[in-house]
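Remarks on the structure that follows.
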Amino acid sequence: MADLSLAAVKSAVLIFLLLTTFAYMTLLERKLLGKFQVRYGPNRVGPLGLLQPLADGVKLLFKESFRPAQVDVIVYLVAPTITMVTSLVVYAVIPFGPEVSFFGRRVTLYLADVNVGILLILAASSIGVYGIILGGWSSNNKYSLLGSLRSSAQLISYELALSLAVIAVVLTAGTLSLVEIVEAQQRLWFVALQPVGFLIFLVAAIAETNRAPFDLPEAEQELVAGYQTEYGGFKFAMFYFGEYIGIVTMSALATTLFWGGWNGPLLPPVVWFALKSFVFIFFLIWLRATMPRVRHDQLMAFGWKFLVPVGLLNIVVTSIWVILRQT
């Protein structure tokens, strides 16, 4: 019972932190985009605009909930829930730090150390796209359907490239456990051993999260708003939540797999993990303000004709290196 109570407390704290992160990531992005574009960001609600996320949340919560005619009601309502829940599930195995002493008891800064943790994350991220596909299909809107089809094609293409990058890390570390992968980087971070794998992972992660310049599923000039065109109020917020938490997830995974996780000098482990993740979040926002959107055929061609072959070659080279190191 004590272990279950501790897990419940850690889950509640983690969900609260993720909700807070989602709220203030929207503010951070709007502030940074304002700086990049030489204009003011949100600065009216609260000191320095810090209460803007609260105002946005209250607005979405009390906004009129509409439902278009001739939609598949059950699927229409379940779709945003799938997106939101799957974005939270992956944090069950992401380690934010090592074991620490808390009131005389050893406490891990993660919910579970699963021996196939990386597979769980890949499986959950694959299921998450069902929310987008079902949301676009059930809306009875051609723009929503096209956006969801784009998303499914994009996921299949770049999930493969991302998995190839992850396999190279697994071969290097010799384990599927995320905790053991971080511990294997105490002396040398894997970005030094897997620079090609890291670049593949980074590009695939941007495509996985539907971020610019790969935000084709919700291209407003072509599809109004894509798969979420017919969603408003709190249902729209659930899709929005899944998208932004996906950014945090990919940043945390990049930190865990390639940049040493919580490892670092002087500062506490959790601070190192947060700082490294923030650098990736900042980079993704900066990229949105800098790069123009690519065409969908260019996106698919780049994934299948370049990233996948390079990822396979990287695995071959890594396998040879691992065998030679063991002999």
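The values are calculated or read from the model by the stated rules, or taken from the named source; none is laboratory data. What you see is a predicted model; the values in this text were computed from it and never measured. Methodologically, a virtual Cβ is constructed for each residue, glycine included, from the backbone with ideal geometry; neighbour enumeration extends over all protein chains shown.
Observations on the model:
- Of all residues in segment 55-92 being of a type in the set (A, V, I, L, M, F, W, C) and exposed (fewer than 13 other Cβ atoms within 10 Å of the Cβ), the one that is nearest to Thr20 (Cα to Cα): Val58
- Selection of segment 38-95 for residues being closer than 17 Å to Val129 by Cβ and either small (Gly, Ala, Ser) or in contact with a His (Cβ under 8 Å, 6 or more places away or on another chain) (or both) yields Ala79, Ser87.
- Residue list for segment 195-208, filter: buried (at least 23 other Cβ atoms within 10 Å of the Cβ) and touching a residue at least 60 places away in the same chain (Cβ under 8 Å): Gly197, Ile200, Ala204, Ala207, Glu208
- Among the residues of segment 59-73, those that are in a helix (DSSP H, G or I) and either touching a helix residue (DSSP H, G or I) at 6+ places or on another chain (Cβ under 7 Å) or at pLDDT 90 or above (or both) comprise Leu60, Leu61.
- Among (1) surrounded by fewer than 21 Cβ atoms within 10 Å (Cβ to Cβ); (2) under 30 Å from Ala301 (Cβ atoms); (3) touching a residue at least 12 places away in the same chain (Cβ under 8 Å), the one test that Leu155 misses: (1)
- Listing of helices (runs of 4 or more DSSP H) fully contained in segment 88-200 that carry 2 or more residues being over 21 Å from Ser277 (Cβ atoms) and either of a type in the set (Phe, Trp, Tyr) or over 21 Å from the mean Cα position of the chain (by Cα) (or both): 117-138, 142-173
- Val100 of a type in the set (A, V, I, L, M) and surrounded by 15 or more Cβ atoms within 10 Å (Cβ to Cβ): no
- Restricting attention to segment 104-122, the residues being under 18 Å from Gly261 (Cβ atoms), touching a strand residue (DSSP E or B) at 6+ places or on another chain (Cβ under 7 Å) and either modelled with pLDDT under 85 or of a type in the set (Gly, Ala, Ser) (or both) number 1.
- Residues of segment 31-54 classified as surrounded by fewer than 16 Cβ atoms within 10 Å (Cβ to Cβ), touching a residue at least 12 places away in the same chain (Cβ under 8 Å) and closer than 21 Å to Met238 by Cα, total: 1
- Ser163 among the polar types (S, T, N, Q), within 30 Å of Gly226 (Cβ to Cβ) and touching a Phe, Trp or Tyr at 6+ places or on another chain (Cβ under 7 Å): no
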